[in-house]
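The values are calculated or read from the model by the stated rules, or taken from the named source; none is laboratory data. Since this is a predicted model, take the numbers as computed values, not measurements. Neighbour counts run over all protein chains shown; Cβ positions are idealised from the backbone, glycine included. Heavy atoms of the whole protein, side chains included, go into the accessibility calculation; ligands, DNA and RNA do not. Shrake-Rupley method; radii C 1.70, N 1.55, O 1.52, S 1.80 Å.
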Amino acid sequence: MSEINFDWLNALPKVELHLHLEGSLEPELMFTLAKRNNVKIPFTSVEQIKEAYQFNNLQDFLDIYYQGADVLVVEQDFYDLTWAYLLKCQQQNVLHVEPFFDPQTHTARGIDFSTIIDGINRALVDGREKLGISSELILCFLRHLSEDDAFITLQQAIPHLDKIKAVGLDSSEKGHPPEKFSRVFAKARELGLLTVAHAGEEGPAEYIWTALNDLKVSRVDHGVSAIFDKALMEYLIAAQMPLTICPLSNTKLKVFADMSEHTILQMLELGVCVTVNSDDPAYFGGYMTENFVVLRDSLAMTKAQAKRLVSNSIKGSFTSLEYKNTMQQQLADYR
Ligand code: ADE
Ligand code: ZN
């Protein structure tokens, strides 16, 4: 029997650095919004939706994920989506979040950039005021689209820079290396934004190197393929570069065949700054607590390891040094 029970993991103060808001769209809310906006979805029940969530790889998932996002139309929809996620965070004692949103998924359907970001931002403000959950928002470019398209999106973001902390890169990884976006990331940095990128999820360790060298990322999203490159591992350890790892996502998308094969704790013990996150919780079977639970069940994670994983998330977050210190103290005091 593990020394850890569910309640201990649920009440553990946590921080989430890798969460796609569109991936937190639960089937129930999808139905509500489909009805409210008169959008047709190819499902008739929540059970049917859940059955459809079987994926062999990242692309399988992305096809269904982009389809689900069609129900998001007006500002209130983006508010409701974000607010539902924040309520989950409150239930699981997540103190601070840095969610991603994919504007191109929505602007391609004719939705204004401001509709999207205003709804999300209003919920994040309410989250701070009513739930005490702090947040920083990250705009992700879709890497299967062109760099020119990303430039258009960055231009649309300029009136809203006060609401955005960083840019990221997501969607289909293979065949779309980070360096495809070098110029738009350089422009984002000039505008004062930090950068992150999905790299080494399905793609090779080489993509992690180019995310670091060409995009100058402050964190690597996923990054699990680093384990195949000794020099990269040494660099990540020396630089204490945070990796935002998503255990349930990695097994649902068959990056690892089984949770028992996941290398997150091996990396932790080698000194890599690894963190635990949920990625797309509505699609992968769980939020923050559930991701910690599987590490306990499949990898025999200890309490000390769980606390080190959270401490890494605090270190790797984009919040103020003062708030990082407050959260580190809260974590240290947790027994
Ligand atoms: N978009 C949403 N989830 C993603 C993931 N795991 N990888 C790449 N793009 C994504
Ligand atoms: Zn992701």
Residue that is most open to solvent (accessible area, probe 1.4 Å) [pool: residues in segment 174-190 that are within 16 Å of ligand 1 (Cβ to nearest atom) and closer than 24 Å to residue 246 by Cα]: 174
Qualifying residue in segment 91-106 (condition: of a type outside the set (Phe, Trp, Tyr), open to solvent by 60 Å² or more (accessible area, probe 1.4 Å), closer than 20 Å to residue 27 by Cβ and more than 16 Å from ligand 1 (Cβ to nearest atom)): yes
Tally of residues being under 30 Å from residue 301 (Cα atoms), in contact with a Phe, Trp or Tyr (Cβ under 9 Å, 6 or more places away or on another chain) and open to solvent by less than 20 Å² (accessible area, probe 1.4 Å) across segment 9-48: 14
Residue pairs meeting the criteria (Cβ under 6 Å; at least 6 apart or on separate chains; first within 16 Å of ligand 1 (Cβ to nearest atom), in segment 226-250; second of a type in the set (Asp, Glu)): 244/221; 246/279; 249/279
Of all residues in segment 279-307 being over 12 Å from residue 264 (Cβ atoms) and in a loop (DSSP other than H, G, I, E, B), the one that is nearest to ligand 2 (Cβ to nearest atom): 280
Residue that is least open to solvent (accessible area, probe 1.4 Å), among those in segment 49-62 that are away from ligand 2 (no atom under 16 Å from the Cβ), assigned to a helix (DSSP H, G or I) and touching a helix residue (DSSP H, G or I) at 6+ places or on another chain (Cβ under 9 Å): 49
Top-ranked residue of segment 11-26 - restricted to ones that are within 21 Å of residue 103 (Cβ to Cβ) and part of a helix (DSSP H, G or I), ranked as nearest to ligand 2 (Cβ to nearest atom): 23
Top-ranked residue of segment 112-124 - restricted to ones that are touching a Ser or Thr at 6+ places or on another chain (Cβ under 9 Å) and not charged (D, E, K, R), ranked as most open to solvent (accessible area, probe 1.4 Å): 121
Hits in segment 64-90 (condition: open to solvent by 10 Å² or more (accessible area, probe 1.4 Å) and of a type in the set (Asp, Glu)): 70, 75, 80
Every residue from segment 160-173 that is touching a residue at least 60 places away in the same chain (Cβ under 8 Å) and either open to solvent by less than 10 Å² (accessible area, probe 1.4 Å) or within 16 Å of ligand 2 (Cβ to nearest atom) (or both): 166, 168, 170, 171, 172, 173
Selection status of residue 275, under 23 Å from residue 136 (Cβ atoms), within 16 Å of ligand 2 (Cβ to nearest atom), in contact (Cβ under 8 Å) with a residue 60 or more places away in the chain and among the β-branched types (Val, Ile, Thr): yes
Pair list, Cβ under 8 Å, 6 or more apart: segment 6-34 residue among the acidic types (Asp, Glu) and modelled with pLDDT of 95 or more, other residue within 15 Å of ligand 1 (Cβ to nearest atom) and not in a helix (DSSP H, G or I): 16/98; 16/99; 16/277; 16/278; 22/72; 22/101; 22/102; 22/280
Complete set of residues in segment 216-235 that are buried (at least 24 other Cβ atoms within 10 Å of the Cβ) and of a type in the set (A, V, I, L, M, F, W, C): 217, 220, 224, 226
Meets criteria (under 22 Å from residue 114 (Cα atoms), within 16 Å of ligand 2 (Cβ to nearest atom) and open to solvent by less than 60 Å² (accessible area, probe 1.4 Å)) for residue 157: no
